[in-house]
1. Could you tell me how many of the residues in segment 46-80 are more than 16 Å from ALA36 (Cβ to Cβ), small (Gly, Ala, Ser) and either in contact with a Phe, Trp or Tyr (Cβ under 9 Å, 6 or more places away or on another chain) or at pLDDT below 95 (or both)?
2. Any idea how many residues of segment 19-45 are at pLDDT 90 or above, of a type outside the set (Gly, Ala, Ser) and not in a helix (DSSP H, G or I)?
3. Inspect all residues belonging to segment 114-125 and state whether any of them is of a type in the set (S, T, N, Q) and outside any loop (DSSP other than H, G, I, E, B).
4. Could you tell me whether any residue of segment 157-178 is touching a helix residue (DSSP H, G or I) at 6+ places or on another chain (Cβ under 6 Å) and at pLDDT 95 or above?
Amino acid sequence: MMNSLPPRLREQDPGASMHTLSVLVENKPGVLVRAAGLFSRRGFNIDSLAVGTTQDPARSRITIRVDCSQHSVDQVIKQLYKLVDVLKVQELDANAVELELLMIKVSATAERRPEIISLAEVFEAKVVDVGPEAVTFSCVAGPDRLQALEELLEPYGIKELVRTGRIALDRDGGLGKRRRMRVVA
């Protein structure tokens, strides 16, 4: 499911890898477009993008997952700080807590429905809709767990599927190595 750089860009940047950035911004119109535009202008493919308000309704957090080299992500971080409404940029490492929401509609006859529901419940997926020919689940989990659920349900026939994109926070208590973080506000 992960996107990667187009082949022409991958050849130019063989050291590319996935990076997750957490960007705290003022909750104002146009901030997301300007932030995402930095990646677009550099030719980076955004693998995942999620935005939502924080505990302070005047601020939003943008979580961006991008495939590029460490040097390139360092340059993007510097450029993000030049945007007026950006308050804090943090590159999250592997210790960050990452979650996604998955909604998946699976073909399900009345006879197979209990079996499919039982399998999905192993992943703590919730039934959100049942129709005569399909059942729809929602599941909040880490990306690997959601991928495993998709693979488990695929033989039954996935009719539709959507994922929100990752949201992430650094772990508390110094377990995660904090890098490249500067508070502006």
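The values are calculated or read from the model by the stated rules, or taken from the named source; none is laboratory data. As the structure is a prediction and not an experimental result, all values here were calculated from the model. We place every Cβ from the backbone using ideal geometry, glycine too, and count neighbours over all the protein chains shown.
1. 1
2. The number of residues fulfilling the criteria is 10.
3. Checked segment 114-125: at least one residue is of a type in the set (S, T, N, Q) and outside any loop (DSSP other than H, G, I, E, B).
4. No, there is no match, as no residue in segment 157-178 is touching a helix residue (DSSP H, G or I) at 6+ places or on another chain (Cβ under 6 Å) and at pLDDT 95 or above.
One line per residue, one yes/no per condition, for (1) closer than 30 Å to GLY131 by Cβ; (2) in contact with a Leu (Cβ under 9 Å, 6 or more places away or on another chain); (3) assigned by TED's automatic domain parsing to the domain that holds ASN27:
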{"residue": "CYS68", "(1), (2), (3)": "no, yes, yes"}
{"residue": "LEU80", "(1), (2), (3)": "no, yes, yes"}
{"residue": "LYS88", "(1), (2), (3)": "no, yes, yes"}
{"residue": "ILE104", "(1), (2), (3)": "yes, yes, no"}
{"residue": "SER107", "(1), (2), (3)": "yes, no, no"}
{"residue": "ALA110", "(1), (2), (3)": "yes, no, no"}
{"residue": "ILE116", "(1), (2), (3)": "yes, yes, no"}
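Conditions (1) aliphatic (A, V, I, L, M); (2) in contact with a His (Cβ under 9 Å, 6 or more places away or on another chain); (3) on the phi > 0 side of the Ramachandran plot, marked per residue:
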residue	(1), (2), (3)
GLU26	no, no, no
GLY30	no, no, yes
ARG34	no, no, no
GLY37	no, no, no
SER40	no, no, no
ASP47	no, no, no
VAL51	yes, no, no
THR54	no, no, no
PRO57	no, no, no
